[in-house]
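The block underneath contains the structure these notes are about, expressed in structure tokens.
Just so it is clear, none of the values below were taken in a lab; they were calculated from the coordinates. What you are looking at is a predicted structure, and each value in this text was computed from that prediction instead of being measured. Note: ideal-geometry Cβ built from the backbone for every residue, glycine included; neighbour counts use all protein chains shown.
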């Protein structure tokens with residue numbers, strides 16, 4: 001059938017229209033593609049070039065060297081040592097279990113470390129090395145390097161690790177470092193990416209923790225080119241890290257080591273303070289622990305032993321522990337009474353061995369009583385009845401205000417963990433905390449450092465420094481930089497100097513008069529004489545029945561029920577240089593347990609080393625000689641440093 005010209009024209013027009021529509025569509029698609037290509041390659045070229053570059057280039061952090069910690073004389077207390085690690089790369093090793101089994105024949109490997117390493121290998125890319133063991137010995141490093149061809153994927157790496165050369169002597173002050181935990185990340189508001197590095201270590205306690213940011217330093221960076229799977233191809237650039245800031249403490253490691261050795265065998269603490277500057281020369285707590293074990297990863301056995309020890313070696317008793325101050329508090333009451341004018345220095349109070357307040361009888365430590373006591377004699381012989389009477393005249397308000405002026409109940413701003421505030425009780429405190437009114441019996445108890453009042457050895461040393469100087473001495477632990485001297489404290493306490501002199505004179509007789517409670521701890525060397533005050537604080541209430549039958553002696557009681565023994569003092573008496581506070585937990589009598597320790601530590605501080613035997617009473621010299629041999633043999637300043645293995 002032959003189509004007419006008209007049909008052919010109609011058909012041609014239809015084809016042309018469809019071709020035009022299709023062509024226009026193609027042109028539109030190509031135009032859109034072209035526009036998008038223009039957008040990608042021209043308008044957004046910088047953005048996508050950056051994204052491509054980030055996929056190709058990785059930036060790695062370079063951990064900085066941690067700042068060092070020194071004592072006042074420049075002796076290193078916390079340093080960085082080379083740490084050789086055994087690492088394994090899974091893709092180069094083949095079967096890691098078989099490779100580890102071969103290694104175990106020559107190198108001792110911890111089963112827990114092996115399990116942890118195998119778990120890490122499963123979670124990480126096969127080309128990322130995993131640590132099998134820290135702190136390789138030189139023999140182990142040599143074995144790995146010599147046998148490298150037979151140990152594919154196994155090698156030794158060297159890095160820096162924290163080390164404390166004086167070990168346990170400074171554990172409570174310097175503290176220790178440890179790996180960043182999830183708890184740390186949740187607790188610390190710190191965006192530093194260093195904290196995300198696996199096994200990166202930060203300060204956990206003490207100065208290491210409180211000065212973490214300055215000790216840590218600033219991370220460096222390393223630019224490396226990687227392939228699609230993340231393998232490093234080459235290094236493109238590097239910015240070195242900034243070393244952490246060094247810190248110098250006021251502590252004298254020689255004195256600190258001696259104090260720790262002198263306190264050995266006791267649950268006790270001692271604080272020595274420079275009266276002029278407030279610098280802390282010694283902050284000893286016993287028993288103690290080796291912080292290096294925490295850096296390396298403490299064993300379950302060691303951790304359990306530390307936690308279950310009744311002497312609490314993990315507790316920094318010198319500034320975390322709080323105790324009733326006992327009779328060391330009596331100078332506060334005496335000064336409050338003198339300032340208020342409620343008693344004259346020579347006025348006497350009769351002590352029959354007790355004082356009745358309402359229906360309650362408060363006993364003096366001397367059962368038969370002291371007789372007539374004035375202020376000087378009451379301090380020298382530590383008569384309780386005198387202070388029972390005086391406290392009722394002056395009242396708790398004046399007593400607590402005087403205690404605050406001497407630094408009791410104050411939390412000092414020191415770079416130490418959990419510095420205790422103690423408790424300087426007031427009427428308002430009892431009303432708000434216990435919802436009870438203050439009673440006269442509370443005042444009487446407070447007068448002899450019992451009841452609610454609580455103090456730390458650090459606070460007692462500060463109190464004594466202020467009493468010896470009449471100035472507002474504040475404890476310092478960090479020495480100023482650039483070698484400048486610590487500032488002298490010039491602020492006066494505003495207390496009558498005559499009242500202070502009377503308390504100092506009485507404290508001098510406590511140690512140097514034959515009726516003083518610490519006479520056995522006197523010093524015979526001229527210019528090194530010691531003034532002080534003994535204290536005994538009860539940890540249990542003595543019942544009426546027990547008093548009737550005869551009070552059980554401390555040494556006959558279980559250790560945890562014995563009284564705490566305390567001593568505070570300063571020396572020399574003329575122009576005092578140091579103050580000291582010693583607390584022996586459950587030590588019984590302050591005169592027997594605490595005063596001799598304080599005397600020995602103070603002499604060590606004044607002489608700058610072992611004092612001569614002539615400084616001690618002649619009858620005590622044989623015993624002191626044996627003690628010096630024993631104690632000085634344990635000090636770390638003559639080579640007794642912590643084991644590095």
With Cα atoms, 0 to 90° folded angle of helix 497-512 axis to the chain main axis: 80 degrees
Residues 210, 380, 577, sorted so that the one with the fewest Cβ neighbours within 10 Å comes first: 577, 210, 380
Classify region 117-196: rounded, prolate or oblate, from the alpha-carbon gyration tensor (a ≥ b ≥ c, eigenvalue square roots; a/c under 1.5 rounded; otherwise prolate if a/b is larger than b/c)? oblate
Listing 262, 296, 434, 393 from the residue with the fewest other Cβ atoms within 10 Å to the one with the most, what is the order? 434, 393, 296, 262
Relative contact order of region 253-632 (C-alpha contacts under 8 Å, at least 6 apart) in percent is 20 percent
Percent of all alpha-carbon pairs of region 248-349 at distances over 25 Å, whole number, is 43 percent
Length-normalised contact order for region 339-493 - Cα pairs under 8 Å, 6+ apart - percent: 18 percent
Working out 0.36 nm times the residue gap between residue 496 and residue 97, then minus their Cα-Cα distance, what length gain in nm do you get to one decimal? 135.8 nm
Most exposed first, judged by fewest Cβ atoms within 10 angstrom, 362, 570 run 362, 570
When a/c reaches 1.5 or more, the comparison of a/b and b/c decides; with that in mind, is region 253-632 rounded, prolate or oblate per its Cα gyration tensor? rounded
What's the center-to-center distance, using Cα atoms, between region 68-109 and region 231-285 in Å? 25 Å
Provide the gained length on full extension for the span residue 305 to residue 197, in nm with one decimal, where the gain is 0.36 nm per separating residue minus the Cα-Cα distance. 35.8 nm
In degrees rounded to 10, the 0-90 angle between helix 330-340 Cα long axis and the longest Cα principal axis of the chain is 70 degrees
Run through the DSSP bridge list for region 61-248 and note the antiparallel percent, rounded to the nearest 5. 95 percent
To check you understand DSSP bridge types, tell me what percent of the beta bridges within the chain (both residues inside) are antiparallel, rounded to 5. 95 percent
Would you calculate the separation in nanometres between label points at residue 223 and residue 619, each defined as 7 Å from the Cα along the Cα-to-beta-carbon direction? 8.2 nm
In degrees between 0 and 90, to the nearest 10, how far off the longest principal axis of the chain does helix 384-405 point, with axes built from Cα atoms? 30 degrees
Taking Cα pairs under 8 Å and at least six residues apart, what relative contact order does region 61-248 come out at, in percent? 33 percent
Please work out the Kirkwood hydrodynamic radius for the chain, using every pair of different C-alpha atoms, and report it in angstroms with one decimal place. 29.5 Å
How long is the gain from residue 110 to residue 122 if the chain were fully straight, where each residue apart is worth 0.36 nm and the alpha carbon distance is subtracted? 2.4 nm
For residue 515 and residue 65, extending 7 Å from Cα along the Cα-Cβ vector and measuring point to point gives, in nm, a value of 6.5 nm
Only helices counted: for the chain, with every DSSP H run of 4 or more residues adding -39500 (n - 2.57) and the sum spread over all residues, [θ] at 222 nm is -11000 deg cm²/dmol
